[in-house]
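Read the figures in this text as sums done on the coordinates, not as results from a lab. Please read these numbers as outputs of a predicted model, since none were measured by experiment. Using ideal geometry, Cβ is built from the backbone for each residue, glycine included, and neighbour counts are taken over all protein chains shown.
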Amino acid sequence: MESDRLGVGLIFVSAVGFGTLGIFGKLGANAGLSNATMLVFRFVIATAVAWAYLLTTGSLRPLRGRNLLVGLGLGALGYATMSGLYFLGLEFMSAGLVAIILYTYPAFVVLLSVAFLDERVTWKTILALGLALGGVALITGANPANADPVGVGILLFAALVYASYITVSRATLADVESSTLTAHVMPAAGVSLAVLGTMQGTLSVPSGITEWSIIVGLGLVATALPIFTFFAGLSRIQASRASIVSTVEPVFTVALGALLLDEVVTLTTVVGGAIVLSGVILLQRG
């Protein structure tokens, strides 16, 4: 039970960290940083932190064989692909609608977990999933009338990719330490995104204190911390539960947007956040 609560807590911390990604992204865009630059250098910073931690603690255990291929694949194919599809989806629809379609991924995780991880799904899991999806819809203010069929297809595929990433990660963590897996996933994602950014001609090196401050924040707060804690939490609880707890991420993104960027928060948004949190509390008591 103690390990279970710690797992939920770690996933919660991870969601808070990932919730800062949109804030740093907006600050970076305002500072003139391209998406490619922010995506690549966030992983450069995070990778440096991960490997420094493993070296200083004497826990460096480089992956080999199948686990090495899986770890690199999770970063280069899983995380990087999902990130690329997310930004591509933004070209077709509003950020709110993109968010609600992407956040269907917990439903995919539940299905994949039952099929491949032999996880048992209870009525509380299904209810919590419904609350989480409904709450996210209210938070993002998504309007289905503005849904572009191509964009919907792209985002549903992104959700499936991310769900597969979580499911494979959960299976891999049965044999690999969470910190070790983190240290292999991040550089693989960074290299994949660097190749894509170079091909597009949008990758550049940050300059000045402001740009580097944003990049460091992205690397530490929005990448290294949440990925470390996500894998650590995922190794302790079911993948289906972890994905549902992660839906608190947009709650913190909206809250931080209001505090730091003076973004408007409506009553509907507050209600949506409360519904998401109620789903997480239901899981914790389950």
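Annotations
- FRET efficiency, VAL216 to PHE157 (Cβ-Cβ, R0 30 Å, nearest 0.05): 0.40
- Look at the alpha carbon pairs under 8 Å that are at least 6 residues apart: their mean separation over the length of the chain gives a relative contact order of 43 percent.
- Most fluctuating residue given options LEU181, LEU138, LEU259, as computed from a GNM of the chain linking Cα atoms under 10 Å: LEU259
- Anisotropy class assigned to segment 171-286 is oblate, per the alpha carbon gyration tensor with a/c at or over the 1.5 cut-off and a/b no larger than b/c.
- Each peptide in 221-228, 29-36, 182-189 receives the mean, over its residues, of other Cβ atoms within 10 Å, and ordering these scores from highest gives 182-189, 221-228, 29-36.
- For segment 65-185, the alpha carbon convex hull comes to 115 Å³ per residue, rounded to a whole number.
- Gyration tensor verdict on segment 1-62 (Cα atoms; rounded if a/c is under 1.5, prolate if a/b is larger than b/c, oblate otherwise): oblate
- Neighbour-count ranking [beta-carbon atoms within 10 angstrom, fewest first] of GLU177, GLU2, GLU249: GLU2, GLU177, GLU249
- LEU6/LEU260 FRET efficiency (R0 25 Å; Cβ-Cβ; nearest 0.05): 0.30
- Residues with amide H under 5 Å from that of GLU263, placed H, sequence gap 5 or more: ALA258
- By the helix-only formula, in which each DSSP H run with n ≥ 4 contributes -39500 (n - 2.57) and the sum is divided by residues, the chain has a 222 nm mean residue ellipticity of -24500 deg cm²/dmol.
- Using the Karplus relation 6.51 cos²θ - 1.76 cosθ + 1.60 with θ = phi - 60°, the per-residue 3J(HN,Hα) values for segment 150-166 come to 5, x, 4, x, 4, 6, 5, 5, 4, 5, 5, 4, 5, 5, 5, 4, 5 Hz, with x marking Gly and Pro.
- Dipole size of segment 2-285 about its Cα centre, with +1 on Lys/Arg Cβ and -1 on Asp/Glu Cβ: approximately 520 debye, rounded to the nearest 20.
- Fewest-first ordering of MET199, MET38, MET82 by other beta carbons within 10 Å of each residue's beta carbon gives MET199, MET82, MET38.
- Rg over Rh for the chain works out to 0.95, both radii taken from alpha-carbon positions and Rh defined as the Kirkwood radius.
- Converting phi to 3J(HN,Hα) with the Karplus coefficients 6.51, -1.76 and 1.60 and the offset θ = phi - 60°, segment 28-34 yields x, 4, 5, 8, x, 7, 7 Hz in sequence order, with x at every glycine or proline.
- Since only LEU39, ILE23, SER243 are under comparison, the one whose Cα sits farthest along the positive direction of the charge dipole of the chain, derived from C-beta charges on Lys, Arg, Asp and Glu, is SER243.
- Leading residue at positive end of dipole, the chain (Cβ point charges), from VAL114, TYR103, SER14: VAL114
- Arranged from fewest to most other beta-carbon atoms within 10 Å of their beta carbon, VAL98, VAL121, VAL8 become VAL121, VAL8, VAL98.
- Note on segment 1-111: Kirkwood hydrodynamic radius from all Cα pairs is 16.9 Å, rounded to one decimal.
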